[in-house]
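The structure is given below, and queries will be raised subsequently.
Just so it is clear, none of the values below were taken in a lab; they were calculated from the coordinates. None of these values were measured; they are calculated from a predicted model. For neighbour counting, all protein chains shown are included, and Cβ atoms are generated from backbone atoms with ideal geometry for every residue, glycine included.
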Amino acid sequence: MQEAGEYTMKMHPMWQGPLVAPGGNRQSPIDIRVRKSVFDPHLKPLTPDYDPRTCSQIWNNGYSFLVEYDDTTDKSTLKGGPLEDNFRLCQFHFHWGESNAWGSEHTVDRRLFPAELHMVHWNSNKYSRFEEAVMEENGLAVIGVFLKIGKRHKGLQKLVDALPAVRHKDSVVEFTRFDPACLLPTNIDDYWTYAGSLTTPPLTEAVTWIIMKQHIEVSHDQLAVFRSLLFTSAEEEVQKSMVNNFRVQQPLRGRTVRSSFT
Ligand SMILES: NS(=O)(=O)c1cc(F)cc(F)c1
Ligand SMILES: [Zn+2]
């Protein structure tokens with residue numbers, strides 16, 4: 001029975017884009033069926049090690065805003081968890097809705113969240129740049145964190161304050177000394193992990209997804225600033241609000257979702 005105001009994926013607003021990549025059998029996002037996930041006792045703790053000095057800029061790419069990191073050295077890395085190799089942080093971004101009732105890409109037992117953070121890393125043991133890794137099945141590792149509306153997120157505010165400078169598509173602003181670890185939940189030992197894809201074109205099946213069980217809280221006003229961004233560039237006549245920039249859930253196609261917790 002659905003509670004008032006609760007939306008399930010079938011009420012998701014339409015999304016203009018390929019619903020399922022042709023021939024893809026490990027597409028993302030997915031619905032995580034908690035009772036069908038399999039506890040894997042061999043999964044190690046995740047060990048993110050980020051240097052805030054590698055933070056460089058924020059870019060509105062016309063789909064989301066990316067907080068970009070200098071990934072020319074192994075200064076901001078992710079290891080452990082399900083990962084065999086060392087992965088280098090290159091950017092983080094978010095997906096969100098026009099209302100707080102939906103916006104996340106992954107769902108947990110069909111439950112939607114108002115937004116979802118993606119921290120994107122590429123395999124620096126095997127590849128020499130992101131563009132190469134994104135084409136390989138073990139090329140990327142993305143941490144997903146659900147956002148809920150609640151208390152103001154102190155660490156996020158510096159980012160929120162910078163967003164008006166990148167209101168339009170293709171705008172860039174310098175953004176430095178931001179520690180992305182402040183956006184992780186307090187407990188990063190409990191997560192789900194599965195083999196998937198990018199959720200936006202080119203939709204390549206290159207991603208080891210690591211979805212945090214614990215969400216973070218942001219205030220209604222902080223998320224409202226995300227919605228003040230635009231999909232459109234300054235020159236375009238009709239301005240379109242950057243909202244509902246999520247892909248709908250894709251078929252599991254027999255994949256197993258592992259959990260690091262019982
Ligand atoms: N949304 S996502 O994390 O799958 C993603 C990450 C990325 F680096 C490029 C993309 F096009 C999409
Ligand atoms: Zn994403």
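If only one of ALA206, ALA165 is out of contact with any Leu (no Cβ under 9 Å at 6 or more places or on another chain) and aliphatic (A, V, I, L, M), which one is it?
Only one candidate passes the filter, namely ALA165.
Same structure again: List every residue pair whose Cβ atoms lie under 9 Å apart, where the two residues are 6 or more positions apart in sequence or sit on different chains, the first residue falls within the range 129-141 and is in contact (Cβ under 8 Å) with a residue 40 or more places away in the chain, and the second residue, located anywhere, is assigned to a helix (DSSP H, G or I) and crowded, with 18+ Cβ neighbours inside 10 Å.
Partner pairs satisfying both residue conditions: GLY139/PHE130; GLY139/ALA133; LEU140/PHE130; LEU140/ALA133.
When only residues in the range 190-216 that are surrounded by fewer than 15 Cβ atoms within 10 Å (Cβ to Cβ) and away from ligand 1 (no atom under 14 Å from the Cβ) count, which is nearest to ASP40 (Cα to Cα)?
Checking each candidate, the answer is ASP190.
While we're on this one: Tell me the residue from GLY24, GLY80, GLY103 that is at positive phi, of a type outside the set (D, E, K, R) and within 16 Å of ligand 1 (Cβ to nearest atom), please.
GLY103
Can you tell me which condition ALA133 does not meet? The list is (1) near ligand 1 (Cβ under 10 Å from one of its atoms); (2) of a type outside the set (Lys, Arg); (3) under 16 Å from the mean Cα position of the chain (by Cα), and all the others hold.
Tallying (1) near ligand 1 (Cβ under 10 Å from one of its atoms); (2) of a type outside the set (Lys, Arg); (3) under 16 Å from the mean Cα position of the chain (by Cα), ALA133 fails exactly one: (3).
Within the range 152-172, identify whether any single residue is over 17 Å from SER56 (Cα atoms) and buried (at least 20 other Cβ atoms within 10 Å of the Cβ), and answer yes or no.
Yes: one or more hits.
For the range 111-148, how many residues meet the condition of being under 24 Å from PHE226 (Cα atoms) and surrounded by fewer than 16 Cβ atoms within 10 Å (Cβ to Cβ)?
Residues meeting the conditions: 1.
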